[in-house]
Amino acid sequence: DHAGKFLHDIKEDHSDEVVKDVVRVFPKALCCKNAIGEIPVQSTARDNKSVSRVPILASEAIRLKVVPEEQRGGLLLKTDGENVFQWLARLWDESDEEGCDRKVE
């Protein structure tokens, strides 16, 4: 579905409001799996350019109850033996201090 593909491929120029609007209109898109079986909160966590949208996707998934409560909005779902928190812990790269500052703003 197009909304699911959009959430898997969020661009930097898509505002938080646009992301929230897509989720509001298509809440089940939060559960749409990509080719490797990830839901949007997982695929955005792997992408430095969309990682800032992880809190939005996770909180909306919790609020809308579209993933099991014990998975905390998808943050605890595992792919390749690791969850979103573990992926986020590895995002920081010492050689990219500017990128790191941009992510935590």
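Residues of the range 1-22 that are open to solvent by 70 Å² or more (accessible area, probe 1.4 Å), under 14 Å from Leu64 (Cβ atoms) and without any contact (Cβ under 8 Å) to a residue 24 or more places away in the chain: Asp21 alone. Restricting the search to helices (runs of 4 or more DSSP H) fully inside the range 1-73 and requiring at least 1 residues that are small (Gly, Ala, Ser) gives 2-8, 40-45, 54-64.
Only one of the numbered conditions (1) surrounded by 20 or more Cβ atoms within 10 Å (Cβ to Cβ); (2) within 20 Å of Arg90 (Cα to Cα); (3) touching a Phe, Trp or Tyr at 6+ places or on another chain (Cβ under 7 Å) is violated by Val54, and that is (3).
The values are calculated or read from the model by the stated rules, or taken from the named source; none is laboratory data. Everything numeric in this text was worked out from a predicted model, so none of it was measured. Here Cβ is always computed from backbone atoms with ideal geometry, including for glycine, and neighbour counts include all displayed protein chains. The area values use the complete protein model at the heavy-atom level, side chains included, leaving out ligands, DNA and RNA. Shrake-Rupley method; radii C 1.70, N 1.55, O 1.52, S 1.80 Å.
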